[in-house]
Amino acid sequence: MNRKKLTIIVFIAFAAIALFVITAFAVRFVTSRKYSCYYYTEEVDGQSVSVIENYKYFKLELKKDKTFVMKFKGKNASEPTEIAGTYSENDNKITLVFVNRPVEFLLFESLTFTRSGKELHCRETASKTIDDVTYTSTMELKFKKTLF
């Protein structure tokens, strides 16, 4: 085998490996969009209270099959909490519909986010009456897109 043929074979092998790596990388990041919460407040009696400091992390993953997973872990919690559901997109609006909800989202059937660049923003108010007592909650969430 002469030197020219060997060079061509090595070049083709490197090109195939590079194509495989690029494809694997693209598939990994196209299957879902991941966001990390950097702002979370709840309004109590007309006063906004920041609660993001109570969490080690608070993440949202929007999957390609129109499902989502929201994961968060409180600073004193031993296990993370996971919320699942479906979502729909319309222009710059993303609506999350919960399948299961922890106490943090007890009053909310869904949340609607506005997308602005690589950020999601939501401010929602919900009320629920239980045993003749009406509970009202307003929450504001802001997420920033992340790679992982």
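Hey, among the residues in the range 114-148 that are acidic (Asp, Glu) and touching a Lys or Arg at 6+ places or on another chain (Cβ under 7 Å), which one's farthest from Arg33 (Cα to Cα)?
Glu140
Which ones in the range 46-56 are farther than 14 Å from Lys142 by Cβ and either in contact with a Ser or Thr (Cβ under 7 Å, 6 or more places away or on another chain) or surrounded by 11 or more Cβ atoms within 10 Å (Cβ to Cβ) (or both)?
Of the range 46-56, the ones farther than 14 Å from Lys142 by Cβ are 46-47, 49, 53-54, 56.
Result: Val49, Asn54, Lys56.
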- request: Please specify each residue of the range 98-134 satisfying the condition of being in a strand (DSSP E or B), surrounded by 13 or more Cβ atoms within 10 Å (Cβ to Cβ) and aliphatic (A, V, I, L, M).
  value: Leu111, Leu120, Ala126
- prompt: Can you name the number of the only condition in (1) free of Cβ contacts under 8 Å to residues at least 40 places away in the same chain; (2) under 25 Å from Thr134 (Cβ atoms); (3) small (Gly, Ala, Ser) that Ser48 fails?
  reply: (1)
task: Looking at (1) within 15 Å of Lys142 (Cβ to Cβ); (2) hydrophobic (A, V, I, L, M, F, W, C); (3) at pLDDT below 95, find the lone condition where Val99 falls short.
output: (1)
- prompt: How many residues are surrounded by fewer than 17 Cβ atoms within 10 Å (Cβ to Cβ) and in a strand (DSSP E or B) when one looks only at the range 57-70?
  reply: 5
message: Go through (1) small (Gly, Ala, Ser); (2) out of contact with any strand residue (DSSP E or B) (no Cβ under 6 Å at 6 or more places or on another chain); (3) not in a helix (DSSP H, G or I) for Ser48 and report which single condition fails.
response: (2)
message: Pull out all pairs, ordered by first then second residue, where Cβ-Cβ is under 9 Å, the residues are six or more apart or on different chains, the first lies in the range 75-94 and is free of Cβ contacts under 8 Å to residues at least 60 places away in the same chain, and the second is loosely packed, with under 12 Cβ neighbours inside 10 Å and of a type in the set (S, T, N, Q).
response: Glu82/Asn100; Ile83/Asn100; Ala84/Asn100; Gly85/Asn100; Asn92/Ser116
field: Residue, surrounded by the most Cβ atoms within 10 Å (Cβ to Cβ), within the range 71-97, restricted to residues that are of a type in the set (A, V, I, L, M, F, W, C) and within 17 Å of Arg115 (Cα to Cα)
entry: Leu96
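The values are calculated or read from the model by the stated rules, or taken from the named source; none is laboratory data. Keep in mind that this is a model prediction, so the values were computed, not measured. When we count neighbours, we look across all protein chains shown, and the Cβ atoms used for this are built from the backbone with ideal geometry, even at glycine.
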